[in-house]
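All remarks here apply to the structure that follows.
The values are calculated or read from the model by the stated rules, or taken from the named source; none is laboratory data. Everything numeric in this text was worked out from a predicted model, so none of it was measured. Backbone-built Cβ (ideal geometry, glycine too); neighbour counts: all protein chains shown. For the accessible areas, the whole protein counts, side chains as well, though only heavy atoms, and no ligand, DNA or RNA atoms are used. Shrake-Rupley method; radii C 1.70, N 1.55, O 1.52, S 1.80 Å.
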Amino acid sequence: MDQKEKITQAYKEIRKQPPWHQPSTPNIQHHRVLPHATYSPWLSDSDFLEIFHAIESSTLVDIYRCYELWQLAAQSLQVEGDILEVGVWRGGTGALIAHAVRNSQKQVFLADTFSGVVKACERDPVYQGGEHSDTSLDLVNGLIKTLRLRNTSILKGIFPDETANKIPGKLALVHCDVDVYTSAKEVFDWSAPRLSGGGAIVFDDYGFSTCEGVTTFVNEIRSAPGFTFIHNLNGHAILIKK
Ligand SMILES: C[S@@+](CC[C@H](N)C(=O)[O-])C[C@H]1O[C@@H](n2cnc3c(N)ncnc32)[C@H](O)[C@@H]1O
């Protein structure tokens, strides 16, 4: 069997697996994603691998999405403004992003309740609120200290309600990793006008069957005027401001 036949065979096997569909969102179909491409630049990027291994145990985000965040953070150096992550949990992706821009003037705002997910609603088939409360401010501060990062500001509380007023100016990059519809919507509504031209909003959870509220929301705004929309098959949706 040649390589192509093997992949085709693997794909057929995967299609036999039970579906991930959520009964409440029948229009959002699921299927194991298995691109044929094999180029894996993260394996030869020693700077990335070093920081990824340092934050790996403090993140729920896989290496593919982490590598994309790493690259987007580096590219954000050409865009005016700071960086915002909403949905920090134990600090893994936030620290990765902060490390990528550590030699710049950019401030990285890390916003989380640090007591779990809020604003779950009927559009979220799995989340009920309170998930991911297994973290603390001390844990995140510890990671930041270990990595000697001096460019982060932690915003503890519900975003945007309690903490958005602490962000002073324009944004170059927003990482929205909040798991549920209403939080994702409020992060977008607050951030979109503050994003510089060329800046990006990255939605984690776009493609995970447990987070269909986020997929539902992103599908509502994917044609928003003034943005280019990219669906990356790794589970990211990216909106780039024109
Ligand atoms: C999946 S975790 C984030 C994962 C993290 N980025 C990582 O590296 O693993 C989702 C987080 O979003 C936070 N969250 C959800 N909605 C929020 C909101 N409106 N304001 C602040 N934090 C929120 C939760 O507290 C939770 O810690």
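A count restricted to segment 71-121 and to residues that are assigned to a loop (DSSP other than H, G, I, E, B), touching a residue at least 40 places away in the same chain (Cβ under 8 Å) and either acidic (Asp, Glu) or within 13 Å of the ligand (Cβ to nearest atom) (or both) stands at 13. The residue that is surrounded by the fewest Cβ atoms within 10 Å (Cβ to Cβ), among those in segment 168-188 that are of a type outside the set (A, V, I, L, M, F, W, C) and within 12 Å of the ligand (Cβ to nearest atom), is Thr182. Scanning segment 202-226 for residues that are touching a residue at least 40 places away in the same chain (Cβ under 8 Å) and not polar (S, T, N, Q) yields Val202, Asp204, Gly207, Cys211, Glu212, Gly213, Phe217. Taking the numbered list (1) assigned to a loop (DSSP other than H, G, I, E, B); (2) modelled with pLDDT of 75 or more in turn, Glu5 passes all entries but (1). Among the criteria (1) in a strand (DSSP E or B); (2) of a type outside the set (D, E, K, R); (3) touching a Gly at 6+ places or on another chain (Cβ under 9 Å); (4) within 10 Å of the ligand (Cβ to nearest atom), the one Leu155 does not fulfil is (3).
Give the residue, chosen from Phe208, Phe217, that is of a type in the set (Phe, Trp, Tyr), closer than 23 Å to Asp62 by Cα and in contact with a strand residue (DSSP E or B) (Cβ under 9 Å, 6 or more places away or on another chain). Steps first, please.
Working: Phe208 fails: in contact with a strand residue (DSSP E or B) (Cβ under 9 Å, 6 or more places away or on another chain).
Within the list Phe208, Phe217, the selection yields Phe217.
Yes/no matrix, rows are residues, columns are (1) more than 21 Å from Arg32 (Cβ to Cβ); (2) in contact with a Leu (Cβ under 8 Å, 6 or more places away or on another chain):
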| site | (1), (2) |
| --- | --- |
| Cys176 | yes, no |
| Pro193 | yes, no |
| Gly197 | yes, no |
| Thr210 | no, no |
| Ile221 | yes, yes |
| Ala224 | yes, yes |
| Phe229 | yes, yes |
| Leu239 | yes, no |
| Lys242 | yes, no |
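One residue stands out among those in segment 133-151 that are under 19 Å from the mean Cα position of the chain (by Cα) and open to solvent by 60 Å² or more (accessible area, probe 1.4 Å): the one that is farthest from the ligand (Cβ to nearest atom), which is Asp134.
Take the residues in segment 189-219 that are part of a loop (DSSP other than H, G, I, E, B) and either more than 13 Å from the ligand (Cβ to nearest atom) or not hydrophobic (A, V, I, L, M, F, W, C) (or both), then tell me which one is farthest from Val101 (Cα to Cα).
Let us first name the residues in segment 189-219 that are part of a loop (DSSP other than H, G, I, E, B), namely 204-208.
Remaining after also requiring either more than 13 Å from the ligand (Cβ to nearest atom) or not hydrophobic (A, V, I, L, M, F, W, C) (or both): 204-207.
Values: Asp204: 20, Asp205: 24, Tyr206: 25, Gly207: 27 Å.
The qualifying residue farthest from Val101 (Cα to Cα) is Gly207.
Of everything in segment 50-67 that's open to solvent by 30 Å² or more (accessible area, probe 1.4 Å) and not β-branched (Val, Ile, Thr), which residue is nearest to the ligand (Cβ to nearest atom)?
First, pick out the residues of segment 50-67 that are open to solvent by 30 Å² or more (accessible area, probe 1.4 Å): 50, 53-54, 56-57, 60, 62-64.
Within this subset, residues satisfying the condition of being not β-branched (Val, Ile, Thr) are 50, 53-54, 56-57, 60, 62, 64.
Numbers: Glu50: 17, His53: 14, Ala54: 13, Glu56: 10, Ser57: 10, Leu60: 4, Asp62: 10, Tyr64: 14 Å.
Taking the candidates together, the pick is Leu60.
Pairs are defined by a Cβ separation below 9 Å, a sequence spacing of at least 6 or placement on different chains, a first member in segment 152-163 that is at positive phi, and a second member that is near the ligand (Cβ under 9 Å from one of its atoms); the pairs so defined are Gly157/Ala111; Gly157/Asp112; Gly157/Thr113; Gly157/Phe114; Gly157/Thr163.
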